[in-house]
Structure formats: C-alpha cells, structure tokens
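**Q** Let me give you the structure first, and then I'll get to my questions.
The values are calculated or read from the model by the stated rules, or taken from the named source; none is laboratory data. Keep in mind the model is a prediction, meaning the values are calculated, not measured. Because the Cβ atoms are built from the backbone with ideal geometry, glycine has one as well, and the counts that use them run over all protein chains shown. Just the protein is used for accessible areas: all its heavy atoms, side chains included, with ligands, DNA and RNA removed. Shrake-Rupley method; radii C 1.70, N 1.55, O 1.52, S 1.80 Å.
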Amino acid sequence: MGLVASKRTQGIIYGALALVWIALDQVTKAYFASTYALGQSSQGSWVLFDFQLVNNKGAAWGMFSDSTFALGVTSLVVCALVTGCLVAFERIAQRPPTALEVVSMALVFAGGIGNAIDRFSQGYVVDFIRLTFIDFPVFNVADIGVTCGFVLLFLSLLMYGRNNPASEQ
C-alpha cells in the first residue's frame, strides 16, 4: 500500500475503519451476550475455533484479574498515544504514513476503544471466540483488531525500510 500524503485522507481512513471495527466489535459482543449463557459453548466448531461466552475482568490468561478500571484507563492512554503517533507520524518518520500503517493504527485504536467501552460500562470485557487447536484465552473482535493492528504496523514499518534503503541513512 502506498503513502497517504493527505492528512484529510489519513483521517478519513483512520476514522471510518475505527468506527466500523468498533461497531462490529460491539454488535458481536451484544449478540453473544444475549444469546449465550455465561460459560456456554457453541454446539459445533468451525475447525479452528468455536464460541464460548466469558466475562473477562482482567487481561489475557487471567493476568491483572479484577483490574478492570485500570485496564480501561490503560486502553484509553494507548488509544491516545496511537492517535498522537498518526498525527505526528510525518515528523517522526520523515515521511507520510502508508495506507497500511494508517489501517493498522486504526485497528489498534478501535480494539482499545471497544474493550474500554465494555470495561467502563459493564465492569468486564465480553469474550466469545475460543481456539480449538491450542489452549489460548477466549477473545473478541476488539482483541483481533489490537493484535492484527500491531502485527501489520510492525510488518509495514519493516517492509518500508527494506523497500526504501535511502530512508535508513
């Protein structure tokens, strides 16, 4: 994906994707919270995953359990930092961000906001996607956004550096 020179275009991509991802996260959480009993698993699986409703008061693997408020505040701080990085990207990197970098930051922001909404409104995060092939924490659409966003950002920065050796000098 090429460079996004216009701040306006960056803002539109960032805002639109973040809003869509937050909406997808909140709709899926509402669906599972209203159709599954707490702890209930789906009848079948989709090879790699199935569904199980979990109310998570901590982070992955039960870390920081009962630290919902602190984790919510941390999410908001990270979201503010990510947005600040996008705003200051050109000054920091000496180039405009690529479309992939804008998309990746929007996913991280949306995931953080999606889980913060749960933490502040319910006191826990609604998780419902369970991997069937490995012992892994149950997660949600917001978690997918944060994880994929960070991975895409890392890969995009790595690819840009490799494709533009002059930028390393």
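**Q** Per residue of region 85-92, in order, report the coupling 6.51 cos²θ - 1.76 cosθ + 1.60 (Karplus, θ = phi - 60°) as ³J(HN,Hα) in whole Hz, putting x for Gly and Pro.
**A** Result, ordered by residue: 4, 5, 4, 9, 3, 5, 5, 6 Hz.
**Q** Three principal axis extents, largest first, for the C-alpha atoms of region 1-94, in Å?
**A** Result, largest extent first: 50, 30, 23 Å.
**Q** Still on this structure, please answer the following. Treat every Asp and Glu Cβ in the chain as -1 and every Lys and Arg Cβ as +1, leave all other atoms uncharged, and give the resulting dipole magnitude about the Cα centre to the nearest 20 debye.
**A** In debye, rounded to 20, the chain gives about 420.
**Q** Moving to a separate point now. Taking amide H atoms as placed 1.01 Å from N in the peptide plane, list the residues 5 or more away in sequence, or in a different chain, whose amide H sits under 5 Å from that of PHE49.
**A** HN-HN under 5 Å from PHE49: THR132.
**Q** What residue among GLN26, PHE139, PHE49 has its Cα farthest toward the positive end of the dipole of the chain, where the charges are +1 on Lys, Arg and -1 on Asp, Glu, each on the Cβ?
**A** Selected residue: GLN26.
**Q** With a 1.4 Å probe and every protein chain left in place, work out the accessible area per residue of the chain in Å², rounded to a whole number.
**A** Using a 1.4 Å probe on heavy atoms only, each residue of the chain averages 56 Å².
**Q** List, in order, the whole-Hz ³J(HN,Hα) value for each residue of region 113-121 obtained from phi through the Karplus relation with A = 6.51, B = -1.76, C = 1.60 and θ = phi - 60°; use x for Gly and Pro.
**A** Computed from phi, the couplings for region 113-121 are 5, x, 6, 5, 4, 4, 4, 7, 8 Hz.
**Q** Residue-wise, which Karplus ³J(HN,Hα) couplings in Hz belong to region 138-153, taking 6.51 cos²θ - 1.76 cosθ + 1.60, θ = phi - 60°, and x for glycine or proline?
**A** Along region 138-153, the couplings run 5, 9, 9, 5, 4, 4, 4, x, 4, 5, 5, x, 5, 5, 4, 5 Hz.
**Q** Scan around VAL4 for amide H atoms under 5 Å from its own, H built in the peptide plane at 1.01 Å from N, and keep only partners 5 or more places away or cross-chain.
**A** THR98, ALA99
**Q** A follow-up question, please. At a 1.4 Å probe radius, carbon and sulfur cover how many percent of the accessible area of the chain?
**A** Ligands and nucleic acids excluded, carbon and sulfur give 69 percent.
**Q** To continue, here is another question. Please work out which option in [x] 21.8; [y] 17.1; [z] 18.0 gives Kirkwood radius over Cα pairs in Å calculated from these coordinates, and answer with its label.
**A** Looking at Kirkwood radius over Cα pairs in Å for this model, the match is [y].
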